[in-house]
1. Roughly how many Å is it from the Cα centre of the stretch 120-139 to that of the stretch 263-318, as a whole number?
2. Using the alpha-carbon atoms, what tilt in degrees (0 to 90, nearest 10) does helix 103-114 show relative to the longest principal axis of the chain?
3. Given H placed 1.01 Å from N in the peptide plane, which residues other than close sequence neighbours of Asp92 have an amide H under 5 Å from its amide H?
4. Read phi for every residue in the stretch 50-65 and hand back ³J(HN,Hα) as whole Hz from Karplus 6.51 cos²θ - 1.76 cosθ + 1.60, θ = phi - 60°, with x for Gly and Pro.
5. Going by amide H atoms built from the backbone, whose H comes under 5 Å of the H on Ile304, apart from near neighbours?
6. Hey, if you put +1 on the Cβ of every Lys and Arg and -1 on every Asp and Glu Cβ in the stretch 385-448, which of Met428, Gln447, Phe399 ends up farthest toward the positive end of that dipole?
7. For the chain, build the charge dipole from Cβ charges (+1 Lys, Arg; -1 Asp, Glu) around the Cα centre, then report which of Val214, Trp296, Leu266 sits farthest towards its positive end.
8. Give me the distance between the Cα centres of the stretch 8-76 and the stretch 348-390, rounded to whole Å.
Amino acid sequence: MIVDLILTNMRAYVNREIVGCNLAVDNGKIFKIGKEATMPRAETKLDLNNLLVLPGLIDAHVHLRDEGKAYKEDFTSGTAAAAAGVITTVLDMPNNEPVTMSAEVLRNRMKKAEKRVLVNVGFYSEFPQNMREVANIVKEGSVAFKLFMANQVGKLNIEDDNAILEAFRILSKLKTLVAVHAEDRPMLRRNEEKLKRANRHDIEAFLDAHSENVETKAVKRILNIVKQTCTQVHFCHISTKNGLNAVTDGKKSGLPITCEATPHHLLLSVEDFRRKGTLSLTMPPLRQKHHVTALWRAVKDGWIDIFGSDHAPHTAEEKKAENIWAVKVGIPNLETTLPLLLTEVKRGRLSIGDIVKLMAEKPAELFKLKGKGFLKKGNDADLTVVDLKRKHKIDVAKFYSKAKYSPFDQWIVEGKPVKTFVNGTLIMDEGEIVAKAGCGKIVRRKQP
């Protein structure tokens, strides 16, 4: 037999350890992992010169924009950014134009994306006006639903606990996950109105509005609903100690919940926000250092389930308004997340196993992405290739994302993305996109 590709002279994270091996790829799948002598013949061989190969990384929190927001990011630029950051699968959030919240809009979005993406893409949905549409959205292939509690995005009334309860019961029956942006809108709105009346429009006003209590109250509201519905809930970008403690307590009591941490909440604090200004404005905002310490402790103790970039691109102009309430929130993170985390491996705060678990194994399990998360025979040949020894400087001018800004600009990181394979195809090689749009596939949540 002759396979499509054999990667030789490599180290790979297989069965939760790093081993020297070769890897054969055929028809987009991993055909065999083993010693050189056991490999079949191949059309192409590629010597990886002892580089490290990880299971293709999955970023479960990405805003690809496109359609009505294509001026900020589009399917090709966003997935090129993912490939540059050695991310092989991204899950796209639904707050688009139009909002993804019907089977028809989801189907149209998938159709527009399929010929333009460079990595694999799955799609979230928001909640529709008619809850009977939820089953159709699930059938169409949504990976999960998203509930934005800080502002009204979908048609589910975020201030009506009974409405949320009903929606969660439907999702529980369908065995579908809901991801939650946990900031309590009524409390947030009262805080904002009070500050605006006082003519407060500075960075400190934003921090006061998005207080720790805003996150904690929202988390506890959702936990109370989960107790009644047993819906699988994933808390996005947890940022505070008390919010994290509430999630941890819920997990200890057996609730079906998970949570995520972002690189900016792990590596930056409110001091960076004050120094770097509105380019680092995001929701929830950067926090005081004791919250950062709590997040790292939770990573170490296993309470954080996944890392997500929360890649949220905007134009430079949208990030520069003098009035804080007019600044668009979000940080472009697809090209920085893994180098930043690999630097923490070098510093001893993480292991390679932690990164694989939090960015491959657990996301694949959580979002039921068949054939992903592990390097093993029969799985998709999504491969993340890195050089742990190479240092480089983060340079926003080289971003493939349309959003060429970052609070991490000019940081020296150690651990360089080198090659990205998606379904057996080399997409990125030494920082260059070497494949044509359309190499990625649309992924769907595996139905029970």
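1. 29
2. It works out to around 40 degrees.
3. The answer is Gly122, Phe123, Tyr124.
4. Listing the rounded values in order: 6, 5, 9, 10, 10, x, x, 6, 10, 9, 8, 9, 9, 10, 7, 6 Hz.
5. Those lying under 5 Å, H to H, from Ile304 are Val299.
6. Value computed over the given set: Gln447.
7. The residue sitting most towards the positive pole is Trp296.
8. Going from one Cα centre to the other spans 9 Å.
The numbers here are math on the coordinates, done by the rules we state, and not lab data. Since the structure is predicted, the reported quantities are computational estimates derived from the model, not experimental observations. No Cβ is skipped: glycine too gets one built from the backbone with ideal geometry, and neighbour counts run over all protein chains shown.
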